[in-house]
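K.L.:
I have a structure I would like to understand better, so I am pasting it below and will then ask my questions one at a time.
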Amino acid sequence: MGQGHNVNGDSKANNKNGKIPFDEDNYTHNIHKDNERSLDRRSFMKLMAGAAGVFAVSTLPWGAIAAKELAGFGNKKYTAAKITDISEIKVGEAIEFAYPGKHDSALLIRLGENEFKAYQNACTHLKCPVFWSKEQGEMVCPCHHGVFDPKTGAPTAGPPRRPLPEIVLEREQGAIIATGVKRYEA
C-alpha cells in the first residue's frame, strides 16, 4: 500500500477520517453538533405560538375596524346628490341613477303622487341587476326570479333573503335628492 492510500485508492488527505466522503459529494460535511442550535418539539411549539400571537396582534386593528363597520358604530358620511326633478318622473315610472358612488347602480321609483322610494339595484342574492316592472308593480331580478316589494325593498319571491339597501331621499326645490344609504336591520 505505500504512500497513504487506503483500500479504495483514495488519498488520506481527501478522506479526512476515512468515513466522510469527498466535500463535493456531501452537503452535510459542515454541520458541527456542538454549534448547532437545538429545536426540539417544545421549542418548535413555543415558536409557533409566538408566531400565532404576533399574527393575531397584527390583525387586531383590521378586525376592530371590520367589527365597528358591521356593528354600525362607524356611521358613513354620504354626500347629497340630485337624482332628478320631480316633474321628470311620472307616477309608476322608475329611473336608474348612480349612488353613493359613480359605479353604484340604484333605482328611483315614483309609487304615488308624493311617494318616492330608491334602492340600490343589485340583488342581495348574487348581485344581478334589479329592474322595475311597472305592469307587475314590483322589482324583479331576472337571474333567479327574485322579486322585491317596492315599498319596503323586502324580498317576496325567489332566493333573495335580505332586503335591498334603501337610499335615503329628500325633496328640495322640486328635486329628489339622495342623502344616504340605510343599513340592514338584522
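The values are calculated or read from the model by the stated rules, or taken from the named source; none is laboratory data. Computed from a predicted model, the values in this text were never measured in an experiment. With ideal geometry, Cβ positions are generated from the backbone for all residues, glycine too; neighbour counts draw on all protein chains shown. Areas reflect the complete protein model, heavy atoms only, side chains present, ligands, DNA and RNA absent. Shrake-Rupley method; radii C 1.70, N 1.55, O 1.52, S 1.80 Å.
K.L.:
Quantify, in whole percent, the carbon and sulfur part of the accessible surface of segment 104-186 (1.4 Å probe; protein heavy atoms only).
P.N.:
Values: 2240 of 4430 Å².
Looking at segment 104-186 in its full context, I get 51 percent from C and S.
K.L.:
Tell me the GluC sites (Glu not before Pro) within segment 79-123 that lie in a loop according to DSSP and have at most 14 other beta-carbon atoms within 10 Å. Intermediate values should be presented prior to the final figure.
P.N.:
Details: sites: 88, 93, 96, 113, 115; in loops: 93, 113.
Within segment 79-123, the qualifying GluC sites (Glu not before Pro) (loop, at most 14 other Cβ atoms within 10 Å) are 93, 113.
K.L.:
Here's another thing I want to ask about it. State, as an integer percentage, the relative contact order of segment 81-181 based on alpha-carbon contacts under 8 Å between residues 6 or more apart.
P.N.:
Numbers: 218 pairs, mean separation 25.5, N = 101.
With pairs under 8 Å counted, the relative contact order is 25 percent.
K.L.:
By how many nm would the segment from residue 82 to residue 40 grow when fully extended, if each residue of separation counts as 0.36 nm and the alpha-carbon distance is taken off? Provide the component values of the computation, followed by the final result.
P.N.:
Numbers: separation 42, 0.36 × 42 = 15.12 nm, distance 6.75 nm.
8.4 nm is the gain from fully extending residue 82 to residue 40.
K.L.:
Using a 1.4 angstrom probe on the protein heavy atoms only, line up 90, 82 by accessible area, largest first.
P.N.:
Details: 90 150, 82 125 Å².
The residues order as 90, 82, largest area first.
K.L.:
Next up: Taking the full set of protein chains and a 1.4 angstrom probe, give the accessible area of residue 125 in square angstrom, rounded to the nearest 10.
P.N.:
70 Å²
K.L.:
Further question: Taking a 1.4 Å probe, which of 168, 181, 54 shows the most accessible area, and what order do the others take after it? Numbers along the way, then the final one.
P.N.:
Details: 168 50, 181 25, 54 100 Å².
The ordering from most to least exposed comes out as 54, 168, 181.
K.L.:
Mind grabbing the accessible area of residue 43 for me, 1.4 Å probe, Å², rounded to tens?
P.N.:
40 Å²
K.L.:
Once fully extended, how much extra length lies between residue 136 and residue 62, figured as 0.36 nm per residue of separation less the alpha-carbon to alpha-carbon distance?
P.N.:
Fully extending the segment from residue 136 to residue 62 adds 22.2 nm.
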